[in-house]
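Since the structure comes first, as structure tokens, the remarks are kept for the end.
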Amino acid sequence: MESSSVDKLSALINELPKQPWYGADLYNWKGFWYRPHHLSSTMAASSNFQAKDDDVILTSSMKTGTTWMKAIIPTIMNPVGRTDDDSLDPLLKHHPNELIPSLEIQVYSVNPHPDLSNMVSPRLFRTHMAYPLLPESIKTSGCKIVYITRDPKDTFVSTCHFMNSVIAARGVEPWPMSEAFESFCKGVHTFGPFHDHVLGYWKESLKRPEKICFMRYEDMKKDPKGEVKKLACFLGRPFEKDQEVEKVVWRCSLERLKNLEMNQHGVDPWLGIDYKHYFRRGIVGDWKNHFTDEMKEKLEQLTAMKFEGSGLSLGY
Ligand code: A3P
């Protein structure tokens, strides 16, 4: 970026509301919280990305099961994902982050006008942008959006573990869960507020179910085959045989992915984060191991209040 643009961006960022989060600062842009290094690329992607009708865009707030979908969507879309030959599976050599590029973390992180002309269609992208911040062409073109979300209590616990592992690797003390919890309830966490993020996609998915597939982590855990079948139909790639669905579910399972060499020892070159941190327990209700009664009460009441009248429920 030219130095005048950098100066303008720094001036703009300095005027935004700021809050501390896991030893760094978050900035609020158009109602959502960002690390400064994701902000410029988010702004660029939001203004400049041109969607194509056959693109697939995976969207989520953080720690809601995105990595699972980053594995499943490419496996559904790639004919190799359905073949019997496991040795051809791209997941063997690539962490899911590498199979579906992030608009703000990868594609727009270096250049606000990247050349995407060499990308083979159908293109797959992911973003943590909230619905109102999405590039206009994603909303108006024929591209499909897959949104994944999760019980906010488990999302919070997962975020805590992930962020404390990430900052520990940099020698930073863990952020106490009680402080992180207050911050989460105020909506202050990267890409949050969680509830606003979910509601934006939920409301739009009710209006345009053919455009947005709204998925829940808990439904995926309960019936992975059924959910993967539904997703494949939504993406226009229905399965012909049951064995194909089983194959996709197994290839993308936590048990398999977390034990692959690449995922145990690799490092994300874009974020400098060990790939192993993306795979933890993967259960529904881990919050019960961490929450006091007060925390449960507070977050459930907040969720009920935020979602009131929307028809959405995420408590388990
Ligand atoms: P836990 O921290 O509760 O274990 P994200 O991918 O959006 O960052 O979300 C991370 C959460 O998804 C973590 O939850 C992680 O363990 C879980 N996860 C990652 N890969 C998964 C998979 N293949 N199947 C099920 N859960 C997975």
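Within the stretch 87-104, being open to solvent by 20 Å² or more (accessible area, probe 1.4 Å), assigned to a helix (DSSP H, G or I) and not acidic (Asp, Glu) holds for Ser87, Leu88, Pro90, Leu92.
Among the residues that make up the stretch 272-293, is at least one of them away from the ligand (no atom under 14 Å from the Cβ) and closer than 26 Å to Leu103 by Cβ? Reasoning before the result, please.
First, pick out the residues of the stretch 272-293 that are away from the ligand (no atom under 14 Å from the Cβ): 272, 292-293.
Subsequent filtering for residues that are closer than 26 Å to Leu103 by Cβ retains 272.
Yes, the stretch 272-293 contains at least one residue that is away from the ligand (no atom under 14 Å from the Cβ) and closer than 26 Å to Leu103 by Cβ.
Within the stretch 149-213, which helices (runs of 4 or more DSSP H) (wholly inside it) include 1 or more residues that are closer than 21 Å to Leu133 by Cα and either modelled with pLDDT of 95 or more or open to solvent by less than 20 Å² (accessible area, probe 1.4 Å) (or both)? Lay out the reasoning, then the answer.
Numbers: elements: 152-169, 177-185, 194-207.
In the stretch 149-213, 177-185, 194-207 are the helices (runs of 4 or more DSSP H) which contain 1 or more residues that are closer than 21 Å to Leu133 by Cα and either modelled with pLDDT of 95 or more or open to solvent by less than 20 Å² (accessible area, probe 1.4 Å) (or both).
Would a scan of the stretch 289-302 turn up a residue that is among the aliphatic types (A, V, I, L, M) and in a loop (DSSP other than H, G, I, E, B)?
In the first step, residues of the stretch 289-302 are kept if they are among the aliphatic types (A, V, I, L, M); the result is 295, 299, 302.
Pick out the ones that are also in a loop (DSSP other than H, G, I, E, B) and you get none.
No; the residues of the stretch 289-302 include none that is among the aliphatic types (A, V, I, L, M) and in a loop (DSSP other than H, G, I, E, B).
Can you find a residue that is within 16 Å of the ligand (Cβ to nearest atom), more than 30 Å from Asp219 (Cα to Cα) and in contact with a strand residue (DSSP E or B) (Cβ under 9 Å, 6 or more places away or on another chain) anywhere in the stretch 62-82? Working first, answer last.
Initial filter on the stretch 62-82 (within 16 Å of the ligand (Cβ to nearest atom)): 62-76, 81.
Cutting the leftovers down to more than 30 Å from Asp219 (Cα to Cα) gives us none.
No - not one qualifying residue is present in the stretch 62-82.
Those residues that are closer than 16 Å to Ile283 by Cβ and within 11 Å of the ligand (Cβ to nearest atom), I need them from the stretch 149-188; list them, please. Write out each step before concluding.
Filtering the stretch 149-188 for residues closer than 16 Å to Ile283 by Cβ gives 150-162.
Selection gives Arg150, Asp151, Lys153, Asp154, Thr155, Phe156, Val157, Ser158, Thr159, Cys160, His161, Phe162.
Got a number for residues in the stretch 247-272 being open to solvent by less than 80 Å² (accessible area, probe 1.4 Å) and outside any helix (DSSP H, G or I)? Explain how you work it out, then say what you get.
Narrowing the stretch 247-272 to residues open to solvent by less than 80 Å² (accessible area, probe 1.4 Å): 247-249, 251-254, 256-258, 260, 262-264, 266-268, 271-272.
Filter once more, keeping what is outside any helix (DSSP H, G or I): 252-253, 260, 266-268, 271-272.
Total meeting the criteria: 8.
Do the conditions hold for Val146, that is, is it more than 27 Å from Glu210 (Cα to Cα), open to solvent by less than 20 Å² (accessible area, probe 1.4 Å) and at pLDDT 95 or above? Before you say what the answer is, go through the steps one by one.
Values: more than 27 Å from Glu210 (Cα to Cα): no; open to solvent by less than 20 Å² (accessible area, probe 1.4 Å): yes; at pLDDT 95 or above: yes.
Criteria not met by Val146.
Residues are listed down the side, and each one gets a yes or a no for (1) of a type in the set (Lys, Arg); (2) over 19 Å from Ser183 (Cβ atoms); (3) not in a loop (DSSP other than H, G, I, E, B):
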residue: Leu39; (1), (2), (3): no, no, yes
residue: Met43; (1), (2), (3): no, yes, yes
residue: Ser46; (1), (2), (3): no, yes, yes
residue: Gln50; (1), (2), (3): no, yes, no
residue: Asp54; (1), (2), (3): no, yes, no
residue: Ile57; (1), (2), (3): no, yes, yes
residue: Trp68; (1), (2), (3): no, yes, yes
residue: Ile73; (1), (2), (3): no, yes, yes
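Looking across the stretch 273-285, the residues that are in a loop (DSSP other than H, G, I, E, B) and open to solvent by 50 Å² or more (accessible area, probe 1.4 Å) come down to Arg280, Arg281, Ile283, Val284. For the stretch 215-248, the set of residues classified as touching a residue at least 40 places away in the same chain (Cβ under 8 Å), under 19 Å from Leu92 (Cβ atoms) and within 16 Å of the ligand (Cβ to nearest atom) consists of Lys247, Val248, listed by residue number.
The values are calculated or read from the model by the stated rules, or taken from the named source; none is laboratory data. If you're wondering where the values come from, they're calculated on a predicted model, not measured in any experiment. For neighbour counting, all protein chains shown are included, and Cβ atoms are generated from backbone atoms with ideal geometry for every residue, glycine included. We work out accessible area using only protein heavy atoms, side chains counted, and drop any ligands, DNA or RNA first. Shrake-Rupley method; radii C 1.70, N 1.55, O 1.52, S 1.80 Å.
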